[in-house]
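Engineer: Structure in structure tokens, see below.
The values are calculated or read from the model by the stated rules, or taken from the named source; none is laboratory data. Note that the coordinates shown come from a computational prediction; the quantities given were computed from them, not determined experimentally. No Cβ is skipped: glycine too gets one built from the backbone with ideal geometry, and neighbour counts run over all protein chains shown.
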There are 2 protein chains.
Amino acid sequence: MVGENPTDKRFSDTLARAGQDAEAAATRPDHPLHAALGRLLDRAQRSGQVRPDVDTAVVIAVMVGTAYALRQVGHHVGGRTSALAVVVDGLRRSASARGRRRREWR
Amino acid sequence: MVGENPTDKRFSDTLARAGQDAEAAATRPDHPLHAALGRLLDRAQRSGQVRPDVDTAVVIAVMVGTAYALRQVGHHVGGRTSALAVVVDGLRRSASARGRRRREWR
């Protein structure tokens, strides 16, 4: 995802189509992608890997936004890695717990 | 940003324009937004609030992606709050340190 070949447009095109599919999935809970991602998310949340305050629609929206952000970064591999790390780290349960504590301190 | 009035399109329109401006800023370091955000980011990184592995272009791309994600979520306030929390928590220095440790463990 991060180190794609700059001359290969197939990945970008797939992401663009996935964005359209994901948009449909986020607004239509009967979409197969919604159900499949829901099962993965449920497992990840039960095992304590992913923060509990996100649902399938939010994760799909964040994934679509991330794909959009990676397009903004372009083909700079370091930038793509950092942008992806922000979202992946933000989805962790630990990020949620730390963020909540900080918000409560205010 | 999170609780905008569903009947008020002005905020969304402003975000959409900001996205275009941000796209220009991310690719043009001479853009005023780039310099202003760079100073804010530098201060936040020096004070240990924001992860050190992001630069101005990455932060702008992530902001643009987040605005795009919030559009996907629509006007569901809980969903908008969660989507925004993922990105804000992911930008924290603590999220970076924890994510790095987990990646090293693999």
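Engineer: Taking residue A:46 as the residue in question, decide whether it is within 19 Å of residue B:86 (Cα to Cα), at pLDDT 95 or above, surrounded by fewer than 17 Cβ atoms within 10 Å (Cβ to Cβ) and more than 17 Å from the chain's Cα centre (by Cα). Show your work before the answer.
Structural biologist: Working: within 19 Å of residue B:86 (Cα to Cα): yes; at pLDDT 95 or above: yes; surrounded by fewer than 17 Cβ atoms within 10 Å (Cβ to Cβ): yes; more than 17 Å from the chain's Cα centre (by Cα): yes.
Judged against the criteria, residue A:46 is a match.
Engineer: Here's another thing I want to ask about it. If I ask for residues that are touching a residue at least 40 places away in the same chain (Cβ under 8 Å), farther than 19 Å from residue B:79 by Cβ and β-branched (Val, Ile, Thr), which ones from region A:51-106 would you list?
Structural biologist: A:77, A:81
Engineer: Return a yes/no flag: does region B:62-83 have any residue that is in contact with a His (Cβ under 7 Å, 6 or more places away or on another chain) and modelled with pLDDT under 90. Step through it out loud before you land on a result.
Structural biologist: Pass one, region B:62-83, residues in contact with a His (Cβ under 7 Å, 6 or more places away or on another chain): none.
No: region B:62-83 contains no residue that is in contact with a His (Cβ under 7 Å, 6 or more places away or on another chain) and modelled with pLDDT under 90.
Engineer: Give the number of residues within region B:46-79 that are assigned to a helix (DSSP H, G or I) and facing chain A (nearest Cβ under 9 Å). I'd like the intermediate steps shown before the answer.
Structural biologist: Taking region B:46-79 as the starting set, the residues that turn out to be assigned to a helix (DSSP H, G or I) are B:46, B:56-73, B:77-79.
Retained after the next criterion (residues that are facing chain A (nearest Cβ under 9 Å)): B:57-73, B:78-79.
Total meeting the criteria: 19.
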